[in-house]
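Novice: Sharing a structure here in structure tokens format.
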Amino acid sequence: MANQPTTFADTDAVRGVDVSHHNGIINWSKVHAAGIAFAFTKATEGIGLKDTHFTANYAAIKSNGMLRGAYHFFHPGSDVQAQADSFLHVVKHLEPGDLPPTLDVEADDGKSASVIINGVQKWLDTVEAALGRTPIIYTSASFWNAKLNGTAQFASHPLWVAHYIFKPKPNIPQGFAKHTIWQFSEKGTVNGINSNQVDLDRFNGTLDDLKKLAGL
């Protein structure tokens with residue numbers, strides 16, 4: 001989008017980023033010094049694919065004073081139980097300061113809405129039972145409404161919505177009342193990350209609210 005933001009607004013009190021191996025080696029000390037309060041890093045995708053930078057990123061986010069989270073990129077065309085097991089093999093437990101596990105729902109693999117919905121439900125249930133936390137769902141309004149028919153089946157889960165635009169609020173998928181996190185740019189810049197393709201996030205609440213979400 002031509003009007004996609006690339007930096008945080010002055011009013012963004014609780015700032016975050018999300019990363020994967022595509023962002024290269026990150027200087028997390030500089031990221032924290034840039035005012036970043038939380039970061040999510042990709043853990044797994046599909047079956048058995050672990051992000052090559054996950055271990056280093058996950059440890060460094062915490063050691064540099066930020067709240068951390070891990071996410072799984074979901075493929076509805078692959079065995080769902082195996083995907084949940086793959087994530088849980090990498091993220092075995094959560095500690096104070098860890099944000100809830102997150103399921104990235106943005107691929108349909110040519111599957112029907114009912115297949116995607118059932119798969120999402122199974123992954124969420126399996127991971128919540130193992131880690132004891134209600135997972136976050138990451139998606140966009142356009143994908144959710146078109147590919148999952150705007151289902152309200154997951155309304156009790158925190159929503160992390162992707163919408164890359166300058167607006168007071170993001171578009172919310174049907175079936176959700178509000179968002180918890182807004183990924184407002186995929187072309188941002190942050191000191192410590194050598195890229196102008198950084199995902200920027202703002203938390204919809206106070207830092208104390210975010211700490212509660214992270215079990216503090």
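Novice: Of all the residues that make up segment 199-213, how many are out of contact with any Phe, Trp or Tyr (no Cβ under 8 Å at 6 or more places or on another chain) and part of a loop (DSSP other than H, G, I, E, B)?
Specialist: Adding up the residues that qualify gives 2.
Novice: Run down W144, W123 and say which single residue is touching a residue at least 12 places away in the same chain (Cβ under 8 Å), within 30 Å of P96 (Cβ to Cβ) and of a type outside the set (K, R).
Specialist: Just one listed residue meets the conditions, W123.
Novice: Any idea which residue in segment 24-35 is least open to solvent (accessible area, probe 1.4 Å), counting only those that are more than 16 Å from Q197 (Cα to Cα) and not in a loop (DSSP other than H, G, I, E, B)?
Specialist: Residues of segment 24-35 more than 16 Å from Q197 (Cα to Cα): 28-30, 32-35.
Next cut, not in a loop (DSSP other than H, G, I, E, B) only: 28-30, 32-33.
Details: W28: 9, S29: 67, K30: 99, H32: 75, A33: 88 Å².
Once the filter is applied, the top-ranked residue is W28.
Novice: For residues that are among the β-branched types (V, I, T) and open to solvent by 20 Å² or more (accessible area, probe 1.4 Å), scanning just segment 1-23, find the one that is farthest from the chain's Cα centre (by Cα).
Specialist: Let us first name the residues in segment 1-23 that are among the β-branched types (V, I, T), namely 6-7, 11, 14, 17, 19.
Now restrict to residues that are open to solvent by 20 Å² or more (accessible area, probe 1.4 Å): 6-7, 11.
Working: T6: 18, T7: 19, T11: 21 Å.
Restricting to residues being among the β-branched types (V, I, T) and open to solvent by 20 Å² or more (accessible area, probe 1.4 Å), the top hit is T11.
Novice: From the set of residues in segment 172-216 that are among the small types (G, A, S) and either out of contact with any helix residue (DSSP H, G or I) (no Cβ under 9 Å at 6 or more places or on another chain) or within 20 Å of I26 (Cβ to Cβ) (or both), which is most open to solvent (accessible area, probe 1.4 Å)? Spell out how you get there, then give the answer.
Specialist: If we filter segment 172-216 for residues that are among the small types (G, A, S), which is where we start, we get 175, 177, 185, 188, 192, 195, 205, 214-215.
Narrowing the set further to residues that are either out of contact with any helix residue (DSSP H, G or I) (no Cβ under 9 Å at 6 or more places or on another chain) or within 20 Å of I26 (Cβ to Cβ) (or both) leaves 177, 185, 188, 192, 195, 214-215.
On the way: A177: 104, S185: 0, G188: 0, G192: 12, S195: 35, A214: 0, G215: 49 Å².
Here the answer is A177.
Novice: Let me confirm something: among G132, G192, which residue is out of contact with any Ser or Thr (no Cβ under 6 Å at 6 or more places or on another chain), touching a residue at least 40 places away in the same chain (Cβ under 8 Å) and at positive phi? First the steps, then the outcome.
Specialist: Details: G132 fails: touching a residue at least 40 places away in the same chain (Cβ under 8 Å).
Criteria check complete, one pass: G192.
The values are calculated or read from the model by the stated rules, or taken from the named source; none is laboratory data. All of these numbers come straight from a predicted model, not from anything done at the bench. Positions of Cβ are backbone-derived with ideal geometry, glycine not excepted, and every protein chain shown enters the neighbour counts. Each accessible area value is taken on the protein alone, full model and side chains, heavy atoms only, with ligands, DNA and RNA left out. Shrake-Rupley method; radii C 1.70, N 1.55, O 1.52, S 1.80 Å.
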